[in-house]
Structure formats: structure tokens, C-alpha cells
């Protein structure tokens, strides 16, 4: 279980780390949209370089390839399905399956787009601590409170969920170790055995999660947490000059790119 | 059976920015029938060390020897180590899952492939050892038992696999006085009558100071001092590390500092009581 790190935040002090989380959320939303605007190979290459540059600025270039691992399956499936199921001029045959040129192109384009989407969304979590991220989300959702969206409660829920992921893994690790000590073999290939070991893991895990949730609710209430009450924040988010520069820069670049593409 | 850690080191989250040392160059040995107590401040590597004893963690360097055989030699030797070294985790009652006490305790023996016909007898014996009546408890649900009873079920679950070496991580934490006494008596019985080796991690050394043959003190992943329990307890390192010593040892220390020599290194209140009576009689 060791080595599984969720919410993959890499602590640091780069320009990207220091940006306001709201800036990062807005910028990433626009950059994600841009993935669907780029078309030509030159644009794709340029955009890819730009993403790589962002990773370098954020000091997380080491994670560039690692973050794609969970999405690899999706990328390969997309590529294979597009290559084989799109009709068009046949490029070559693999057995009874023929690969068309349009299929290959479509598959590649879609594959690259998925890669870019993963890279961009991962970048935000790599350079933003989960707490600041939820603070940012809460602030961005605030205006929607007028129409009944419980913004701070949602943020609190996300915060608690994130906060308890490591605890949950620790607990899982502990129970697995305890069951292993009693002869459980979690790598067993026999389905019946595996099911038995899973029960031995899941039952205590559920029990402890419920107990923890109960204790947490009591602890929060005894410290005065009331749903719907206006709360202040320990770390006030503040837009600084650099945030405005980044947002303005983004607006200019995106604006001119869209202008060039569509007008 | 004897168990030995030879120059064992282990680093957590190797190769990531979160790497931190667990233990460094640990050497310990417990002979058959020996009772070894382990103390150390929080984060000193006690739990990390314990998890090496039955192969849950594999040392980065060094060896874990069970009767002089490396337990990581093969899958079979690792399996044998898991069975022969019974590890009782902290708050083991949090890991109960069985629908009945019987099912819970039979889990280990079943996994280790004990003959099915013998399992009821094994479960009965394990329950006897921890002081739970087989007839009364076998079909009870673990969740409806009291904290002390749950802990005994968990202990029986480990004992049912008939380990030669029993490793306990703060086994009395959170128990009431009676529960603590029952548990200590159970382990004492296994140690004395059946020659089981005991490795007992504790913050409350007063509970077992008269029972443990040797005491090992860990700090920052390294063995700071090891030796006969009574001798280690008088070592000034104990208070330097903020570790509790038994009241009897503290009293002897105070008396010694006032120029009254105390004999025999008492560690229990009974022992120091007798010693004080002797000293008073001597004065009269």
C-alpha cells in the first residue's frame, strides 16, 4: 500500500505554487477548453511545448510522464477503437482488421487531446495543496449561494474527504497487515479465497470509517460547527499583482488565438 | 524458537520526496522462552521494528532470522515466519470482522491449513487461554462484546495459529485495570508454562518490569540501550527520553540520592515496600 499518494500535491515554492488557487482554477478551466480549439499539428506541438513549459515553471517536470499512467489505458483504447472502426482509405491490415488513414488520424488527435487534458488537470493538483484548492473552490462557488448552492458546506465536505484519504489508506494498510499476520494471502488467485480475504478487510474498514465519521461529527459540533453558519477563514485568499498579470496575460493570448482562429 | 534482527534498516516511501527513515541498523535477539520488553518515545521505530519480525516489512538491508534461518529466503519460509511469530497489533479489536467469535478465531488456523477436524479444539483451547468460555462465547457477535472481551478475542485469534513467538504492540492500552491484569496473566502463563518467547512493546513498563527479562530502548530508529530490565530502568537515559519508569524505581532513586542504599533493584511496589521495611528495621 505504501507509495500510493493521492491528491499528488508536490510541495514547493514555484511561481505556480504561489499563485492564488482561484487564478489556477480559472486558468486551468480556460486551458482545458483550449485543448478542444487547437487543430493543426503545428498548434498541437506548440500547445504541448507550452504545457511542458508550465511543468518546468512549476518545478514538477519530474512528474510529467508519471501523471499519465492512470490514463494510459484510456488513451490506448481510444487509439485502437478509432483506428479500427473508422471507415476510410485503408492504410494497412493487421489480420482481419484494417486500419484506415482517417481512423489513425482521429485516434491520434483524440489520444493527444486526452493526454493534454490529463496533463493540465494534474498540473493544478500537483502545485496546489488540497486545502488551498478547496478554499479557492469555495470562493468561486460563493456567488452561487444566492441561488441556493451550499458552497461552504460543499467545500467542507471536499476538505474532509481529502483530509481523510491518507487516514483511510493507513487504516487499510493496518488491517491488511493484521490479516496477513494471520495467514491471509491477498495475492491469492482463487476467487473464493479472495472473497473471504476481502470480507476480512472490508468489514473492519467500514466499521472504522463509520466510527471515525461519528467521532468527527461530534468533535465538529462540540467546537461549534453549525451547518449554514457564516464562517471566516484562517488563510485569507488574496489576489496579488502576479495573479492579475497571469489572468490578463491569459486573456490577451486566448483572445488573440480565438480571434485568429475564427475571424 | 529464537528470533533475531541483524543490522536491520528500513526507509519509508523510498525514492519519493516523502522518504523518512524508519529504523537504522537494529540488532536484537530474543532466545526461546525469553521475555523482551521494548520502550521508546512516539516515532522511535517500535512499530516498524515489530513489522519486520514476521516479515510484513522487508528490510532494506540486514536480515531477520528465525532459528538462524532468514525468513525472506522463500515464500515458504516467509509463511512459516507469519505463523510462528504471532503479531498482536495496537488496538487489535479494531480489526475484528467475523460474524461470530468462533469464525474470528478459526480464521488463522484455517488460513494456515490446519486440519479442519482439529479446528474446533484449537479454537476452544485459544479461548481457554485468554479466559473466554467456549460454550458461552463461540456464537456471540464480536461487536456486542465489551472492549476487554473484544481484545481477548483478538488475542485468541492470534494464539490459535499456535505461534512460538508472541509479539504485542501496547497490548494493554485503553483497557481497565482488570483487563490489563487478565492480559498480563495470560501472557505470563504462555511464557512460563509453554516457553513462548514474548516481545512486548509498552509505555507502561511498571506493568511488566518484574516479568520482562530484558528491556530494549529505541530512539529515532536506533537501539539506545539494552540489558537486564532492572538495570536499564535505572539508566538516566530513561528520563532523558521522557519515558516512564515504575514508581518503585523512582523511589529507589530518590532514596539513593539521599544516601540510603537500596538493595536488589526493586521494580514493583511490593518489592520496594519490603525493602523499605527492611531498611526501617535496620535503623531501629
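When the P(r) of segment B:17-71 is calculated, the portion above 12 Å amounts to 71% of the C-alpha pairs.
Using a/c under 1.5 as the rounded threshold, could you call chain B rounded, prolate or oblate? The axes a ≥ b ≥ c are square roots of the C-alpha gyration tensor eigenvalues, and prolate needs a/b larger than b/c, oblate otherwise.
Values: a/c = 2.08, a/b = 1.31, b/c = 1.59.
Judged from the Cα gyration tensor, chain B comes out oblate (a/c at least 1.5, b/c at or above a/b).
The mean of 1/r over all pairs of different alpha-carbon atoms in segment B:4-49, once inverted, gives a Kirkwood hydrodynamic radius of 12.1 Å.
Can you give the FRET efficiency for residue B:270 and residue B:192, using 1/(1 + (r/R0)^6), R0 = 30 Å, r = Cβ-Cβ distance, to the nearest 0.05?
Values: r = 18 Å, r/R0 = 0.62.
E(calc), rounded to 0.05, equals 0.95.
Two decimals is fine: what is log10 I(q)/I(0) at q = 0.18, 0.20, 0.26, 0.27 Å⁻¹ for segment B:76-133, from a Debye sum with one equal scatterer on every Cα and no solvent? Taking Cα atoms of segment B:76-133 as identical point scatterers yields -0.73, -0.89, -1.31, -1.33. Model label sites at residue A:193 and residue A:157, defined 7 Å from Cα along the beta-carbon direction, differ in position by 4.1 nm. Here the spin labels are modelled as points 7 Å beyond Cα on the Cα-Cβ line, and at residue B:141 and residue B:31 they lie 5.0 nm apart. The residue A:85 and residue B:67 beta-carbon pair, evaluated with R₀ = 60 Å, returns a calculated FRET efficiency of approximately 0.45. With the cut-off at 1.5 for a/c, could you classify segment A:151-227 from its C-alpha gyration tensor as rounded, prolate or oblate? It comes out prolate by the Cα gyration axes.
Once you keep just the Cα pairs under 8 angstrom separated by 6 or more residues, what percentage relative contact order results for segment B:1-132?
On the way: 153 pairs, mean separation 27.9, N = 132.
It comes to 21 percent, rounded to a whole number.
Mean per-residue shielding of peptide B:89-97 is 6, counting Cβ atoms of other chains within 10 Å of each Cβ. You can think of it this way: the chain between residue A:146 and residue A:170 has 4.7 nm of extra reach, that is 0.36 nm per residue less the Cα-Cα gap.
How would B:49, A:68, A:229 line up from fewest to most surrounding beta-carbon atoms within 10 angstrom? Before the final figure, lay out the partial values.
Values: B:49 26, A:68 16, A:229 8.
Going from sparsest to densest Cβ surroundings: A:229, A:68, B:49.
Each 20 Å bin, from zero up to the one with the longest distance, holds this percent of the alpha carbon pairs of the protein assembly as shown: 16, 38, 31, 13, 2, 0. Out of A:46, A:58, A:111, any idea which swings most in a Gaussian network model of chain A, alpha carbons joined below 10 Å? Checking each option, the largest mean-square fluctuation is seen for A:46.
Largest GNM mean-square fluctuation among B:270, B:128, B:169, using chain B with Cα springs under 10 Å: B:270.
Cβ-Cβ distance of residue B:7 and residue B:203, R₀ of 30 Å, FRET efficiency by 1/(1 + (r/R0)^6): the value works out to about 0.65.
For chain A, relative contact order (Cα pairs under 8 Å, six or more residues apart, normalised by length) works out to 23 percent.
Seen against the Cα atoms of chain B and their longest principal axis, helix B:101-111 is set at about 80 degrees.
Sequence-distant contacts, meaning Cα pairs under 8 Å at least 6 residues apart, place the relative contact order of chain B at 23 percent. When only alpha carbons are used to place a centre, segment B:166-228 and segment B:239-257 end up 19 Å from one another.
Stretched out straight at 0.36 nm per residue, the stretch from residue A:238 to residue A:43 would grow longer than its current Cα-Cα span by 66.8 nm. Seen from every direction in turn and averaged, the convex hull around the alpha carbons of segment B:149-258 projects onto 8.0 nm². When each of A:189, B:35, A:33 is scored by the number of other beta-carbon atoms lying within 10 Å, the sequence from fewest to most is A:189, A:33, B:35. Its Kirkwood hydrodynamic radius, worked out from the mean inverse distance over all distinct Cα pairs, puts chain A at 22.5 Å.
Would you calculate the convex hull of the Cα atoms in segment A:205-263 and tell me its volume per residue in Å³?
Values: hull volume 13.0 nm³, N = 59.
Once divided by residue count, the hull of segment A:205-263 is 220 Å³.
Sorted fewest first by neighbouring Cβ atoms within 10 angstrom, B:82, B:214, B:6, B:152 come out as B:6, B:214, B:82, B:152.
Report the full-extension gain for the segment residue A:256 to residue A:117: residue separation times 0.36 nm, less the Cα-Cα distance, to one decimal in nm. Walk me through the numbers on the way to the answer.
Numbers: separation 139, 0.36 × 139 = 50.04 nm, distance 2.18 nm.
Between residue A:256 and residue A:117, full extension yields an extra 47.9 nm.
For segment B:29-83 versus segment A:96-173, the spacing of their alpha-carbon centroids is 42 Å. Taking 37 °C and 0.692 mPa s as conditions, segment B:98-194 diffuses translationally at an estimated 242 µm²/s according to Stokes-Einstein applied to its Kirkwood radius (Cα pairs).
Values in this text are rule-based calculations from the coordinates and carry no lab data. Source: prediction; values computed, not measured. Glycine gets a Cβ as well: all are built from the backbone with ideal geometry, and neighbour counts include every protein chain shown.
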